[in-house]
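One structure is given below, encoded as structure tokens.
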Amino acid sequence: MKEIVSTITSKGQVTIPAEVRRRLGVGTGDKITFVIDESGDVRIRAPRYPTVDSLRGAAGSLNQPRRWDEIRDIAREDRFEAKYRAKGD
């Protein structure tokens, strides 16, 4: 196991060492995730879906294709139901 030290600034910022960035496969403007497990250990990792393109297929697929207007109507119905369910009506 290798240990790499970095300093926390007064604003709570940390510079992620180049070796760690290379290992995570991240660069300028990318996101990182801090994962705290049940035992309290903290790990740093690259998010599972760092870009919109990486989300492709994450929600599965439809059994049959739907037209855009059908999808829009379903979304409106879901939003309407959620709105009134939240109000308790």
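Each value in this text was obtained by applying a stated rule to the coordinates, not by laboratory testing. As the structure is a prediction and not an experimental result, all values here were calculated from the model. No Cβ is skipped: glycine too gets one built from the backbone with ideal geometry, and neighbour counts run over all protein chains shown.
Cα convex hull, segment 1-48: 111 Å³ per residue, rounded to a whole number.
Note on the chain: GNM, Cα springs under 10 Å; of Pro65, Pro47, Pro17, the largest mean-square fluctuation is that of Pro65.
Rounding to the nearest 10 and keeping the result within 0 to 90°, find how far the Cα-based axis of helix 68-87 lies from the longest principal axis of the chain. Taking Cα atoms only, the helix is inclined about 80 degrees. Between Arg45, Arg66, Arg23, the Gaussian network model of the chain with springs among Cα atoms under 10 angstrom shows the greatest mean-square fluctuation at Arg66.
Counting only GluC sites (Glu not before Pro) that are in a DSSP loop and have at most 14 other C-beta atoms within 10 Å, tell me the longest site-free stretch of the chain.
Details: sites that count: Glu3, Glu38.
In the chain, the maximal stretch lacking such sites is 39-89.
Taking the chain as a Gaussian network of alpha-carbon nodes connected by springs under 10 Å, the highest mean-square fluctuation of the residues Thr51, Thr15, Thr33 belongs to Thr15. For the chain, the convex hull spanned by the alpha carbon atoms encloses 248 Å³ per residue.
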